[in-house]
Amino acid sequence: MTTPVCTSASQAAAPVPSYTRYPCFSSYMRARGPVLLRTARSLTANPSDAEDLLQTALTKTYMAWERIEDHRALDGYVRRALVNTRTSQWRKRKVDEFACDEPPEPETVPAADPAEQQALRDAMWRAVMRLPDRQRAMVVLRYYEDLSEVQTAEVLGVSVGTVKSAVSRALGKLREDQEIRPVP
C-alpha cells in the first residue's frame, strides 16, 4: 500500500540547505520509515545492516526526487532501490584469498588395517547371530539387504511400528555388546 505524502516535488530555491530542499521527502521518510525498515530487515540477516541498507536506498531516492513523477508510488521505488542495493552489495562482497607456499591439502588419514576391519566384521556378525531370531531377521533385512522399514514389514508380515521398535531394541543390544569395538 502506498501512502501519498506529497503530490508534487517542490522546486528548490538556490540558497536553501540541502536537507530542507524537499520537505515532502522528510515527511515521507518519517511516515514510511518503519515499514521500509521491515522490508530492509527481510533482505538482510543483521538489523544494523538493514538500517544501512535503508539509509542507502533513501539516499538514492532523495537524489532522484525531482525525477520521480508519481510520488504516490514512492514505496515501490524505495523497495526497488533496497533490492538493487542489496544485490549490488552481494555481488561486490569480497572473497578473501590467502597466498601460501604449499597448497592446503588435507592430511591423508592412514587406512585402517584390513585384518582389523575383517575382525570387526566377524565380531559384528557374531553379535548379530546372538540376537533373537525376529530381531536378527529385521536387522539383516534393514541393514544387510538395505530394505526400507515398509519393505521389511511387508516381507515379515508385521507392521512398520513393529519393525521400528524391534530394530531399535536390536541396535541397543549391539551397542552394548563388549565384543564389538570400533577400529581406531
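The values are calculated or read from the model by the stated rules, or taken from the named source; none is laboratory data. As the structure is a prediction and not an experimental result, all values here were calculated from the model. Positions of Cβ are backbone-derived with ideal geometry, glycine not excepted, and every protein chain shown enters the neighbour counts. Note: accessible area is taken over every heavy atom of the protein model, side chains too, but ligands, DNA and RNA are not part of it. Shrake-Rupley method; radii C 1.70, N 1.55, O 1.52, S 1.80 Å.
Suppose each label sits 7 Å from its Cα in the direction of the beta carbon; what would the R72-R38 distance come out to in nanometres? The modelled label-to-label distance comes out at 2.3 nm. For the stretch 92-155, the equivalent ellipsoid derived from the Cα gyration tensor has semi-axes of 45, 22, 7 Å, listed largest first. Relative contact order of the stretch 24-90: 36 percent, from C-alpha pairs under 8 Å at least 6 residues apart in sequence.
Restricting the calculation to alpha carbons of the stretch 114-184 gives Rg and Dmax of 13.0, 40 angstrom.
If R0 is taken as 45 Å, the Cβ-Cβ distance between A115 and S48 corresponds to a FRET efficiency of 0.15. Note that the stretch 124-184 presents 66 Å² accessible area per residue, ligands and nucleic acids not counted, probe 1.4 Å. Computed about its Cα centre, the charge dipole of the stretch 49-178 is approximately 720 debye, with only Lys, Arg, Asp and Glu carrying charge at their Cβ. Cα extents for the stretch 44-126 along the principal axes, largest to smallest and rounded to whole angstrom: 81, 42, 20.
Placing pseudo-labels 7 Å out from each Cα toward the beta carbon at A64 and E176 gives an inter-label distance of 7.0 nm.
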